[in-house]
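To start, the structure under review is shown below, and the notes come after it.
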Amino acid sequence: MAGELKSRADVAIVGGGVIGLTIARALAQRGAGDICLIEREGVGHQASFAAAGMLAPQAEADSQDDFFALACRSRDLYPNFAASLREETGIDVELDTTGTLYLALTYHDLGDIQKRYEWQTAAGLPVEKLTPSQVRELEPCIGENVAGALRFPLDVQVENRRLLSALANSVEKLGVSIVTRTSVSSLDIRKGRVTGLTTSRGFISCPAVVIAAGTWSSFIRFQPESAKPTVAIEPVRGQMISFDARPQVTRHVIYSPRGYIVPRQDGRLLAGSTSESAGFERQVTAGGMSSILQNALEISPSIASLPIVDTWAGLRPRAPDSLPVLGPCDEIGGLFYATGHYRNGILLAPVTGELITEAVVAGVTSPLLRPFSPSRFDLVRA
Ligand SMILES: Cc1cc2nc3c(=O)[nH]c(=O)nc-3n(C[C@H](O)[C@H](O)[C@H](O)COP(=O)(O)OP(=O)(O)OC[C@H]3O[C@@H](n4cnc5c(N)ncnc54)[C@H](O)[C@@H]3O)c2cc1C
């Protein structure tokens, strides 16, 4: 079922990943009129499905910059986001608040975690430093090679596939028109404003469009061509392995500087990932699997005996500066970007939904969004 394509909408969203769905939900909750979400395949099939679901801004941060502020704000929205989704849909997105460990496995790693510990403690952020025996007591699966660790009690995880189901269910209940198996090819621009979308199934007239097409965001053309600003988003492939780990080997999400493992409530243990420029190819490769296994076994040698039950890859959407691209397009009225979420789209979904809705409905660009404006790039012109 592709869903009926209406001839007009008040807001059209291009892309039904975690970002498009979260924005659609937030707009519908604000009463933004007729909202249409257009998705080329089925909703939530791409990067959002492939992700590990870690909500861990502190674990990898080396400074308290604008991105860190945005990411922490979004993480802190998660408890309410998850609870309201459960209330609306009955779907538990398995927000797991056990916390995240970041291991030092070499002398060099120890220096890095010490710096992270110092700046985050000075900034008043909750972080605990653990000795090798403390960390192995907490998670006995961790190898004897561990040299120390940080524990981030507020860095948590969500089951991103359940999150996608809950969002799709919620958006449908809120009356958003979801049109799948339909590709948007171009935006129609008249007198410096968006007036509609051309899709593989016809034209939709609409005064506001949000581009949330992940790594394919740059393929959407502009008519006439002369009105064409394009943000250059590229794919970064990430591969994953899923093990059957019953009973579960760890309660925490565990990072090392080279990889991570994530326990799921259903007994799966995920291990990731790779960061590769491989165009739009989504295959898993022998090299990718080998490096993920090596890094997972470095964290926990006990993984060696676990059966592998699944492998997959997804394409992270990355802008040239690796930061998200969020907010109104200054050159074209009614056009908004919500893309380039790269390694953090699951984490950034709630704040993206909230702030893009504010921009579309009230015309207000939050100070939190400004550093991520599409205008920071020299947009490519025809
Ligand atoms: C292996 C891996 C692990 C990850 N782990 C994490 C993690 O632990 N935590 C985290 O926060 N993030 C993680 N990420 C990143 C996260 O998955 C992405 O940042 C996020 O999913 C991006 O969401 P999106 O909705 O922008 O893109 P997508 O989920 O890719 O959705 C974009 C959608 O747009 C549709 N589309 C594209 N072009 C068109 C068109 N022309 N017309 C109509 N529809 C179109 C596509 O079909 C697709 O469904 C991970 C990613 C990978 C690959």
3J(HN,Hα) from dihedral phi, the stretch 290-295, Karplus parametrisation 6.51/-1.76/1.60, rounded to Hz, x for glycine, proline
4, 6, 5, 4, 4, 6
Quick one: helix 18-29 against the long Cα principal axis of the chain, what's the angle to the nearest 10°, folded into 0 to 90?
60
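Could you work out the mean projected area of the convex hull around the alpha carbons of the stretch 236-306, in square nanometres to one decimal?
Spelled out: convex hull of the Cα atoms, projected over all directions, averaged, 4.8 nm².
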C-alpha long axis of helix 160-173 to longest principal axis of the chain, angle in °:
30
Using Cα atoms only, what is the angle between the long axis of helix 345-362 and the major principal axis of the chain, expressed in degrees (0 to 90) to the nearest 10?
30
Rounded, prolate or oblate: which fits the chain, taking a ≥ b ≥ c as square roots of the Cα gyration tensor eigenvalues, rounded meaning a/c under 1.5, else prolate when a/b beats b/c?
prolate
Could you please state, rounded to a whole Å, how far the C-alpha centre of the stretch 151-225 is from the C-alpha centre of the stretch 60-100?
22
Proximal charge balance of Leu197 [Cβ under 14 Å; K/R count +1, D/E count -1]:
+3
Just to confirm a number: summing +1 for Lys and Arg and -1 for Asp and Glu over residues other than Gly238 whose beta-carbon lies under 13 angstrom from that of Gly238, what do you get?
+3
Applying 1/(1 + (r/R0)^6) with R0 = 45 Å to the Cβ-Cβ distance of Glu225 and Ala2, what FRET efficiency is obtained, to the nearest 0.05?
0.95
Rh by Kirkwood over Cα pairs, then Stokes-Einstein D for the stretch 174-283 at 1.567 mPa s and 4 °C, µm²/s:
73
Which order, highest average first, do 196-204, 21-29 follow once you tally other Cβ atoms within 10 Å for each residue and take the mean per peptide?
21-29, 196-204
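Laboratory data are not the source of any read-out in this text; all were calculated from the coordinates shown. Predicted model, so just to flag it, every value in this text is computed and none were measured. In this analysis, Cβ positions are derived from the backbone assuming ideal geometry, glycine residues included, and neighbour counts consider all displayed protein chains.
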